[in-house]
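For reference, the structure discussed in these notes is given below.
The values are calculated or read from the model by the stated rules, or taken from the named source; none is laboratory data. None of the values given here were measured: they were computed from a predicted structure. Using ideal geometry, Cβ is built from the backbone for each residue, glycine included, and neighbour counts are taken over all protein chains shown.
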Amino acid sequence: MKEKTILKLKLNTDPRWVDIAGKNIEDILVDHAWCEQKAASTGISMIIHYPDKTRLVDELTDLVAEEWSHFERVLLELRKRGFQLGRPRRDEYVVQLLAHVRKGGARERQLMDQLLVSALIEARSCERFKLLWQNIADQELSKFYYELMVSEAAHFVSYVELAKEYCDPKLVEERAVV
């Protein structure tokens, strides 16, 4: 029997994660803020590396602005609760995903890998935000995470569509099966 996937994720987050997250909301919000900053930075980096890809530049310009607004919103949630931003931490999940971006070879292949890694990161964020929306006791944060869940799902779709536009869609589908 094939396991249910969410946005191409083969393994869902352990449901116990939301209980841990709810008890460590400061850590979750600090990590979330830095993830939004990194997402904006990643979009900027792709724009710099692929300025000749008009649709990519246009879509990622909007995405960067949205990710930065999310960073600002998370900062507000931190401050409302009397928390500081804190230092970023090394995200082993992202480090391991980035190891799958092939170096060298065709520029389009590298772009495809970067876009698909970004899509997976957005999919995981969407999945976790859904868990928070549905399960966190703080109703204000529940609403906040619902809004961000919807946004992350759209980012996932954008990254996959960009990969299919700039690379062979068949290769994208083959590469997206992880």
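Return the pairs, sorted by first residue and then second, in which the second residue is among the β-branched types (Val, Ile, Thr) and modelled with pLDDT of 95 or more, the first residue lies in segment 77-103 and is over 25 Å from Glu140 (Cα atoms), the beta carbons are less than 9 Å apart, and the residues are 6+ apart or on different chains.
Arg89/Val30
Which condition from (1) touching a residue at least 12 places away in the same chain (Cβ under 8 Å); (2) crowded, with 16+ Cβ neighbours inside 10 Å; (3) assigned to a helix (DSSP H, G or I); (4) more than 12 Å from the chain's Cα centre (by Cα) is the one that Ala119 breaks?
Among (1) touching a residue at least 12 places away in the same chain (Cβ under 8 Å); (2) crowded, with 16+ Cβ neighbours inside 10 Å; (3) assigned to a helix (DSSP H, G or I); (4) more than 12 Å from the chain's Cα centre (by Cα), Ala119 violates only (4).
Filter segment 30-55 down to residues that are acidic (Asp, Glu) and either part of a helix (DSSP H, G or I) or surrounded by 18 or more Cβ atoms within 10 Å (Cβ to Cβ) (or both), then give me how many there are. First the steps, then the outcome.
Filtering segment 30-55 down to residues acidic (Asp, Glu) leaves 31, 36, 52.
Retained after the next criterion (residues that are either part of a helix (DSSP H, G or I) or surrounded by 18 or more Cβ atoms within 10 Å (Cβ to Cβ) (or both)): 31, 36.
Counting residues in segment 30-55 that are acidic (Asp, Glu) and either part of a helix (DSSP H, G or I) or surrounded by 18 or more Cβ atoms within 10 Å (Cβ to Cβ) (or both) gives 2.
When the residues of segment 16-45 are filtered to those that are modelled with pLDDT under 95 and among the aliphatic types (A, V, I, L, M), which remaining residue is nearest to Leu141 (Cα to Cα)?
Checking each candidate, the answer is Ile25.
For Val160, are the conditions met, namely being in contact with a helix residue (DSSP H, G or I) (Cβ under 7 Å, 6 or more places away or on another chain) and among the aliphatic types (A, V, I, L, M)?
Numbers: in contact with a helix residue (DSSP H, G or I) (Cβ under 7 Å, 6 or more places away or on another chain): yes; among the aliphatic types (A, V, I, L, M): yes.
Yes: the conditions hold for Val160.
Please specify each residue of segment 47-66 satisfying the condition of being of a type in the set (D, E, K, R) and without any contact (Cβ under 8 Å) to a residue 40 or more places away in the chain.
Step one: list which residues in segment 47-66 are of a type in the set (D, E, K, R), which gives 52-53, 55, 58-59, 62, 66.
Scanning segment 47-66 gives Asp52, Asp58, Asp62.
For segment 56-88, give me the residue count where each residue is part of a loop (DSSP other than H, G, I, E, B), among the basic types (Lys, Arg) and in contact with a Phe, Trp or Tyr (Cβ under 9 Å, 6 or more places away or on another chain).
First, the residues of segment 56-88 that are part of a loop (DSSP other than H, G, I, E, B): 81-88.
Add one more test, that the residue is among the basic types (Lys, Arg), and what stays is 81, 87.
Filter again for in contact with a Phe, Trp or Tyr (Cβ under 9 Å, 6 or more places away or on another chain), leaving 87.
Final tally of qualifying residues: 1.
Answer yes or no: is there a residue in segment 128-140 that is closer than 28 Å to Lys53 by Cβ, touching a helix residue (DSSP H, G or I) at 6+ places or on another chain (Cβ under 6 Å) and not in a loop (DSSP other than H, G, I, E, B). It would help to see each step written out before you state the result.
Of the residues in segment 128-140, the ones closer than 28 Å to Lys53 by Cβ are none.
Checked segment 128-140: no residue is closer than 28 Å to Lys53 by Cβ, touching a helix residue (DSSP H, G or I) at 6+ places or on another chain (Cβ under 6 Å) and not in a loop (DSSP other than H, G, I, E, B).
Name, by its number, the condition in (1) loosely packed, with under 15 Cβ neighbours inside 10 Å; (2) in contact with an Asp or Glu (Cβ under 9 Å, 6 or more places away or on another chain) that does not hold for Ala153.
(1)
For segment 141-178: of the residues being free of Cβ contacts under 8 Å to residues at least 40 places away in the same chain, part of a helix (DSSP H, G or I) and over 18 Å from the mean Cα position of the chain (by Cα), which is farthest from Glu77 (Cα to Cα)?
Lys170
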